[in-house]
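S.K.: Please find one structure pasted underneath; my questions will follow.
The values are calculated or read from the model by the stated rules, or taken from the named source; none is laboratory data. Note that the structure is predicted; figures quoted are calculated from it, not measured. Ideal geometry is used to build each Cβ from the backbone, glycine not excepted, and the neighbour counts take in all protein chains shown. Side chains included, ligands, DNA and RNA excluded: accessible areas come from the protein's heavy atoms. Shrake-Rupley method; radii C 1.70, N 1.55, O 1.52, S 1.80 Å.
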Amino acid sequence: MLKPRPTLTRELVNLDGLWRFAIEDANVPRPWTGALETRLEAPVPSSYNDLYTDPEIRNHVGWVWYQRTVRVPRGWAGERVILRLDAATHEGKVYVDDVLVARHVGGYTPFEADITDHVSPGAEFRLTVGVSNELTSTTIPPGSISVTQDGRRQQTYLHDFYNYAGLARSVWLYSKPERHISDITIVTGVIGQTGVVDYSVAASHETTVRVRALDATGCEVATAEGSNGTLSIEAVTLWQPGAAYLYDLVVELLDGEEVIDSYTEPFGVRTVEVRGTQFLINGKPFYFTGFGKHEDTAVRGKGHDNAYLVHDFQLLEWAGANSFRTSHYPYAEEVLEFADRNGIVVVDETAAVGLNLGVQGGLTGIGPKPTFSPETFNHETQAAHAQHLRELIARDKNHPSVVMWSIANEPASNEEGAREYFEPLVQLARELDPTRPLTYAAVMFATFQNDKIADLFDVLSINRYYGWYVFTGDLATAEQYLEGDLRGWVQAFGKPIMMSEYGADTMPGQHSVWDMPWSEEYQQSYLDMNHRVFDRIEAFIGEHVWNFADFQTSNGIHRVDGNRKGVFTRDRKPKSAAHTLRARWTGLNGSKPSANETAIPDEETKTRPVPALEGAK
Ligand code: GCB
């Protein structure tokens with residue numbers, strides 16, 4: 001799906017700003033038919049949850065309504081007029097005056113409506129958007145809704161981060177010609193010094209397609225005709241981690257010599273490959289350093305904010321991080337474009353977090369019901385998951401920064417039914433994008449002995465909290481178990497392995513000379529312990545600390561105003577651990593620390609179950 005951009009033939013109006021806002025009111029059954037009766041306004045983009053002091057709004061489960069008037073530019077006669085919402089979390093309904101023009105399920109991917117037949121150039125219309133925050137057993141991510149004794153609806157879910165909702169990304173109105181480009185796919189390769197750029201263009205009508213590749217200075221370096229083809233760029237400058245270089249693909253639809261539509265898609269020339277136990281970018285082994293992140297800031301929740309975008313990337317660079325995972329949902333497109341321009345590598349994840357009833361069983365990992373069954377997560381859930389995968393890949397396929405898809409976070413990959421659930425999704429992802437490796441982040445209960453899906457994937461991504469949730473405060477024992485665990489995976493599957501989560505909650509200002517959980521020193525020692533183990537494992541390809549910054553969660557006795565595993569506070573102040581990481585990562589400079597195999601534990605350490613997890617399926 002093309003991001004709206006102003007071009008020679010397309011114009012773009014940004015609809016961000018303050019919109020009228022109200023939560024659904026049973027007395028106003030059709031709020032889109034007139035002016036929304038409210039004294040509230042909500043900023044777009046922003047989650048709405050933390051804006052107001054009224055708990056009824058924060059705790060509301062169901063639809064909320066946004067409204068504004070929009071004037072269609074008078075010069076758009078004869079053009080198609082399109083409304084584009086970058087996201088409506090988790091479901092959106094869009095009305096132009098009284099007419100429903102779009103409905104979309106899935107909170108983190110864009111959708112559009114062609115509203116040409118409902119509006120007139122030069123005239124205003126009433127734009128009303130309904131957004132629902134409901135999560136059920138057939139949504140991704142999943143959740144469930146219950147009713148309290150006094151009749152209030154309550155939302156619960158199986159993921160840690162707060163269920164922020166609303167219009168957290170931009171809304172656009174744009175024009176495009178009647179005969180237009182509808183999609184572009186770019187896949188790059190390298191032969192010697194030559195960049196090989198396979199492109200394919202989808203268009204609304206059959207007509208001549210011309211493509212031109214421009215280098216970063218705007219000079220034409222290759223050109224071709226036809227809706228599919230290959231461009232060769234001599235003496236190509238590669239897109240490299242830490243050294244981004246972008247070309248532009250200018251795609252034109254022609255009628256004779258007349259350009260009837262034009263669209264420019266930036267791209268980078270790079271290759272990605274898993275070979276043996278290595279992850280190669282441009283044929284060179286790549287070692288991931290960085291974080292699992294969240295889109296999360298005070299007041300605006302998941303609202304996209306360019307100031308935080310720029311600052312977060314500054315902090316990534318400061319810490320020597322070369323990558324991050326979009327845990328646990330697709331991030332705003334601005335984030336990926338910024339990663340493209342700044343040479344930061346991205347593991348791009350779907351919103352499939354919480355497909356695991358085992359987490360309700362606490363550390364036993366035995367949930368009240370099986371995760372995959374007709375009554376729990378079933379074919380309908382899987383169909384929703386497939387749709388999320390399609391929309392993610394359709395949106396992000398041309399970003400050079402994206403080097404791998406993560407299909408899910410911590411699914412119950414150890415339970416019966418996991419293989420039947422995931423195998424078709426893996427197949428779908430490979431059909432949609434044969435070029436990028438696939439992974440999923442494995443939960444603690446999924447071990448190399450009981451996991452049922454790891455062989456389907458290219459990279460093993462492991463979430464582990466030895467020294468935090470288990471062996472709390474005992475880093476010596478944690479170290480042995482971690483090492484046994486990682487070596488077990490490597491031996492069982494022979495694939496590259498990375499740590500997709502490891503971390504310890506930390507209160508800034510809490511200090512101790514002992515191994516005291518929650519202290520800044522403990523977070524540092526915990527990370528050091530993990531790093532010692534990583535550096536002893538040959539097949540190890542990367543480390544993503546959980547989390548970049550503290551973030552808001554649902555209420556719970558494990559959380560103090562949110563999850564405090566951030567290496568930075570929620571307002572981006574470094575905890576001591578930030579300096580620990582900076583010292584290590586700036587020293588590594590993107591390459592793997594030399595493996596030190598001397599401390600291989602005996603066979604027994606690999607297979608000994610973690611006492612706290614004993615009984616886990
Ligand atoms: C996990 C989850 C992540 C949580 C984290 C934690 O395994 O993937 O979403 O926030 O643990 O801190 O408990």
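S.K.: Once you charge only the Cβ atoms, +1 for Lys and Arg and -1 for Asp and Glu, what is the size of the charge dipole of the chain about its Cα centre, to the nearest 20 debye?
M.R.: On the way: 56 positive and 83 negative charges, 136 e Å.
My answer is approximately 660 debye.
S.K.: Please state the charge dipole magnitude for segment 334-419, taken about the Cα centre, from unit charges on C-beta atoms (+1 on K and R, -1 on D and E), reported in debye and rounded to the nearest 20.
M.R.: Values: 6 positive and 12 negative charges, 24 e Å.
Here the size comes out at about 120 debye.
S.K.: With a Förster radius of 25 Å, plug the Cβ-Cβ distance of E317 and M516 into 1/(1 + (r/R0)^6) and report the FRET value to the nearest 0.05. Can you show the working numbers first?
M.R.: Values: r = 31 Å, r/R0 = 1.25.
Between E317 and M516 the formula returns 0.20.
S.K.: Follow-up. Could you work out [θ]222 nm for the chain from helices alone, using -39500 (n - 2.57) per DSSP H run of at least four and dividing by all its residues? Round to the nearest 500 deg cm²/dmol. Intermediate results must be reported in sequence, preceding the final value.
M.R.: Working: 9 runs with 113 residues, N = 617.
Helix-only estimate at 222 nm: -6000 deg cm²/dmol.
S.K.: Still on this structure: Quickly work out the C219-to-E178 label distance, labels modelled 7 Å from Cα along the C-beta direction, and quote it in nm with one decimal.
M.R.: Going by the 7 Å Cα→Cβ label model, 4.1 nm.
S.K.: Using a Cα-Cα cut-off of under 21 Å, which lysines could be cross-linked to K575, ignoring same-chain neighbours fewer than 8 residues away?
M.R.: Straight-distance partners of K575: K293, K565.
S.K.: Here is a further query. Hey, for a label at L12 modelled as a point 7 Å past Cα toward Cβ, could you say which residues of segment 139-175 have their backbone N under 13 Å away?
M.R.: Inside the label zone: 170-175.
S.K.: For R532, put the label point 7 Å out on the Cα→Cβ axis and report which residues of segment 459-477 keep their amide N under 14 Å from it.
M.R.: Backbone N within reach: 467, 474-477.
S.K.: Given a Förster distance of 30 angstrom, what is the FRET efficiency for T136 paired with R30, based on the Cβ-Cβ distance and rounded to 0.05? Intermediate results must be reported in sequence, preceding the final value.
M.R.: Working: r = 24 Å, r/R0 = 0.80.
Using R0 = 30 Å, I get an efficiency of 0.80.
S.K.: Using 1/(1 + (r/R0)^6) with R0 = 41 angstrom and r between the beta carbons of D114 and I557, what's the FRET efficiency to the nearest 0.05? Numbers along the way, then the final one.
M.R.: Numbers: r = 49 Å, r/R0 = 1.20.
Efficiency, rounded to the nearest 0.05: 0.25.
S.K.: Follow-up. Under 10 °C and 1.306 mPa s, how fast does the chain diffuse according to Stokes-Einstein, given a Kirkwood radius computed over C-alpha pairs? Answer in µm²/s, whole number. Display every interim value, and only then the final one.
M.R.: On the way: Rh = 25.5 Å.
Calculated translational D: 62 µm²/s.
S.K.: Within segment 107-141, report the GluC sites (Glu not before Pro) that DSSP leaves as loop and that have at most 15 other Cβ atoms within 10 Å. The partial results should precede the final answer.
M.R.: On the way: sites: E112, E124, E134; in loops: E134.
Answer in residue order: no site qualifies.
S.K.: If you don't mind, there's one more thing I want to ask. When ligands, DNA and RNA are left out and all protein chains stay put, how many square angstrom of accessible area per residue does the chain have with a 1.4 Å probe? Mind dumping the intermediate values first?
M.R.: Values: 23800 Å² over 617 residues.
Per-residue value: 39 Å².
S.K.: Using a 1.4 angstrom probe on the protein heavy atoms only, line up M498, M507 by accessible area, largest first.
M.R.: Working: M498 5, M507 50 Å².
Greatest to least solvent exposure: M507, M498.
S.K.: Which percent of the accessible area of the chain is formed by carbon and sulfur heavy atoms (probe 1.4 angstrom)? Write out the running numbers ahead of the final one.
M.R.: Numbers: 11810 of 23800 Å².
Carbon-and-sulfur percentage of accessible area, whole number: 50.
S.K.: Does segment 12-176 classify as rounded, prolate or oblate by the C-alpha gyration tensor (a ≥ b ≥ c root eigenvalues; a/c under 1.5 gives rounded; else a/b over b/c gives prolate, otherwise oblate)?
M.R.: Values: a/c = 2.19, a/b = 1.76, b/c = 1.24.
Prolate, since a/c reaches 1.5 and a/b exceeds b/c.
S.K.: Still on this structure, I have one more. Could you give the length gained on full extension between H379 and L100, defined as 0.36 nm per residue of separation minus the Cα-Cα distance, in nm? Don't skip to the answer; put the middle values down first.
M.R.: Numbers: separation 279, 0.36 × 279 = 100.44 nm, distance 2.84 nm.
Roughly 97.6 nm would be gained on extension.
S.K.: Based on alpha-carbon centroids, what's the gap between segment 266-306 and segment 522-589 in Å, whole number please?
M.R.: Between the Cα centre of segment 266-306 and that of segment 522-589, the gap is 17 Å.
S.K.: Ratio of Rg to Rh for segment 345-385, alpha carbon only, Kirkwood? Mind showing how you got there, number by number?
M.R.: Working: Rg = 12.6 Å, Rh = 11.6 Å.
Taking Rg over the Kirkwood Rh, I get 1.08.
S.K.: Taking 7 Å along the Cα-to-C-beta vector as the label spot, tell me the L254-E337 distance in nanometres, rounded to one decimal.
M.R.: Placing both labels 7 Å beyond Cα along the Cβ direction yields 2.8 nm.
S.K.: While we're looking at this one, here's another question. Determine the dipole magnitude for segment 81-132: charges of +1 sit on the beta-carbon of Lys and Arg, -1 on that of Asp and Glu, nothing else is charged, the reference point is the Cα centre, and the result goes in debye to the nearest 20. Before the final figure, lay out the partial values.
M.R.: Numbers: 4 positive and 8 negative charges, 31 e Å.
It works out to roughly 140 debye.
S.K.: If I take every Cα pair under 8 Å that is 6 or more residues apart in segment 12-176, average their sequence separation and divide by the length, what percent do I get for the relative contact order? Provide the component values of the computation, followed by the final result.
M.R.: Numbers: 380 pairs, mean separation 51.2, N = 165.
Relative contact order for segment 12-176 comes out at 31 percent.
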